[in-house]
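Structure first, then comments.
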Amino acid sequence: MNIASVRIDGGQPVELTMREFTSIRLAHAHLFKHVVRICDVSRFDAAGRDPEDWASLIPSPPLESSLLKRREQARRTLSQVDGCALGQLGETQLAPCLRCDDRSAKVNVQQQNAPLLDAYIAVAAETLRWSVKNSGPRGARVIAYRPASGRGVRFIAERPDGVRAVADLAAGGAELKLVSCYRVGKDMDYRSRWMEMCREQSGFRQQGLAVDVQPAAGGAHG
Amino acid sequence: MDDRMKWQVDDVLVQNLQETMAAVEMTTPDGVLAFLEGIGTLVSAGAESDVAALIAPRRGDLSAERIEDALSLLAAIDLEDTALELGRLLIALTDAEEEECPALCHRAASLIGRRDRVALCLLGAEEILGVAPTLDVEFESAVDAFDAVLAPKSWRMAALGELRWAKVAWARPDHRHRLRWWQRGAHLPANTVDALRTAAECIAAFPEAREYLDEQIAAATLSHRLIHPPEASAPAGVVDNVVSLADWFRRAPVSMELGAARMAAAAGGDERRILHRAEFSISIAGDRLIVDLEVPPSPDAPHPVLVETSGTERLAGVEENPDSWGFPLSHPIFTDPTSRITLCLATGTIALTAADLRR
């Protein structure tokens, strides 16, 4: 998925793309925590209401709007995958994605959920695209910094409907790898979340870790 | 990655905030809250001079009643539920595998951001009203509950590394205590919890190493108390970026604590006490730096009072009186930005940089 053409720290334009998480295991852990929600509990669960409302974000493949039905469906399909512990959970059980090392189970879960995972990643890609397309006079609406532990750049983008995406770009690369994507409280005002992003990016500037991201001329892929 | 690094007003932050606030309409409580948060942010970011011009045209929309009504809605962001999720997340973070950590860290930071918003809105309200706003009991109890859940688990936030520091580094150093959940231990590296585990494994394998660990804990505790004494929770003023001990000594204020007996003993009567702590005191007499120890020096240290640099340079103090060591301040070692005073005491080692001394 194309994101946008950007200049990083004033360098040559880079055509950013994104098609997957940093690892399959992380992809599954996020899908089953945030979208399918068989790995998390909240006060909304009893009513079967999804606090992140992914049904409104992913039109296809259609997501059951009831969290209870969504879970039931996921358990049914995961139970057909040998080696996936999530598929063995009872009807009312919730558990974290078990960090499995069963390669064959991971591949099977991946294939079984490919359309949903692709749609999930597309929402994250759209969030990053939005942040470049809606750049202000001082650059893209992202937090971008060089993590002390690595040589690449980490991007954090958030759009007005509360979807937040975190992605890593390897040094010299163009393909972002998704680290996380979730929806923050829809009740929070976007201006407030934008001010929080501005503070955080300023904190990285004070540390000398901030990265400047500007849209390259005509580069945003709407 | 600590509060000794150079800090300056960030024009990009100020411009972004001004632009956002200019577009805020005060017709809804959310608009009022956004305005309060913006004012609180600008004050903390060292841009107080810009604040009055932003408030003046909006003054008619900013009555105490309107502000307090808007603040009461902040409780609706449900700090208590956020705290419970955060508590679970921080526990998961401590045991997380490396690839899971970034996602958990960003999620935790986002949740704690709600508490930041409360602090900054309150500061903004105080700036506008000239006094702290009146809060209802429910609001205060939600804030207290959040803080009570977070405080005992905040050490687990060390895993956030530079992200944690970014959440407070934007603020002027003397305003960071308002975001104390980020500030406390912000200098610790992201692998701190791993280091704790390694220490535990080391003690399991070598129980005799516990004594060394205890010494390290005692020294670190003492050093932490010196750098962050209890009264430092409300710092006295803007902290300059002091580049060397020599610079700091030139600027150091005259202390009123100087005892009459010592004053009489000081040649020329011009001794200035710079810092006084239970374990030691530091004074300047003419061109001499004097370190008086209040606890015995370490019996194992050939030179219990030293000035060192991050390189190999060292200058041992001369014992001029019992428990009193002197240095010539004109020595070039003091102009090295990395110079520090090292005290090897029976209770542990203390290292003091110019930045440590400022408090």
Arrange the residues A:Tyr190, A:Tyr145 by how much accessible surface each exposes, largest first, with a 1.4 angstrom probe.
A:Tyr190, A:Tyr145
Protein accessible area in the stretch B:33-102, 1.4 Å probe - carbon and sulfur %
52 percent
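Please state the shape class of the stretch A:99-145: rounded when a/c is under 1.5, otherwise prolate if a/b exceeds b/c and oblate if not, all from the C-alpha gyration tensor.
oblate
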Relative contact order (percent, whole number), the stretch A:93-222, Cα cutoff 8 Å, 6+ residue spacing:
23 percent
Provide the buried accessible surface between chains B and A in square angstrom, both chains summed, 1.4 Å probe, rounded to the nearest 100.
4000 Å²
What do you get for the angle between helix A:190-207 and the principal long axis of chain A? Use alpha-carbon atoms, 0 to 90 degrees, nearest ten.
60 degrees
Run the 1.4 Å probe and let me know the accessible area of B:Asp81, rounded to the nearest 10 Å².
50 Å²
In short, the stretch B:154-202 residues buried by 30 Å² or more of accessible area relative to the isolated chain (1.4 Å probe) are B:Glu162, B:Leu163, B:Ala166, B:Lys167, B:Trp170
Averaged per residue, what accessible area in Å² does the stretch B:283-336 show with a 1.4 Å probe, protein chains only?
49 Å²
How high is the relative contact order of the stretch B:1-151, in percent, counting Cα pairs under 8 Å that sit 6 or more residues apart?
33 percent
When only the heavy atoms of the protein chains count and the probe is 1.4 Å, how do B:Trp165, A:Trp130 rank by accessible area, highest first?
A:Trp130, B:Trp165
Give me the inter-chain shielding for B:100-113: mean count of other chain Cβ atoms within 10 Å, whole number please.
6
Shape call, the stretch A:1-148: gyration tensor on alpha carbons, a/c limit 1.5:
prolate
Computed [θ] at 222 nm, deg cm²/dmol, chain A (DSSP H ≥ 4; -39,500 (n - 2.57); rounded to nearest 500):
-9500 deg cm²/dmol
Kindly write out, for the stretch A:26-39 in residue order, the coupling ³J(HN,Hα) from the Karplus curve 6.51 cos²θ - 1.76 cosθ + 1.60 (θ = phi - 60°), rounded to whole Hz, with x marking Gly and Pro.
5, 4, 5, 4, 6, 4, 7, 8, 9, 8, 7, 6, 9, 10
Based on the mean of other Cβ atoms within 10 Å per residue, sort peptides B:129-140, A:3-14, A:203-214 so the most packed one is first.
A:203-214, A:3-14, B:129-140
Expected max-MSF residue from A:Arg49, A:Arg159, A:Arg70 in the GNM of chain A (alpha carbon, under 10 Å) is A:Arg49
Rounded to the nearest whole Å³, what is the per residue volume of the convex hull around the Cα atoms of the stretch A:110-180?
107 Å³
Taking placed amide H atoms and a strict 5 Å upper bound, the residues 5 or more places from A:Asp212 or on another chain that come that close are A:Asp9
In the stretch B:52-133, the GluC sites (Glu not before Pro) that sit in a DSSP loop and have at most 16 other Cβ atoms within 10 Å of their own Cβ are B:Glu97
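Give me the compactness ratio for the stretch B:1-137, meaning the Cα radius of gyration over 2.2 N^0.38 Å.
1.21
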Shape call, the protein assembly as shown: gyration tensor on alpha carbons, a/c limit 1.5:
prolate
Measure nothing fancy, just the Cα-based angle from helix A:114-133's long axis to the longest principal axis of chain A, in degrees from 0 to 90, nearest 10.
20 degrees
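The values are calculated or read from the model by the stated rules, or taken from the named source; none is laboratory data. Every value quoted in this text rests on a predicted model; they were computed, and no experiment measured them. When we count neighbours, we look across all protein chains shown, and the Cβ atoms used for this are built from the backbone with ideal geometry, even at glycine. Quick note on the areas: whole protein, heavy atoms, side chains included, nothing else; ligands and nucleic acids left out. Shrake-Rupley method; radii C 1.70, N 1.55, O 1.52, S 1.80 Å.
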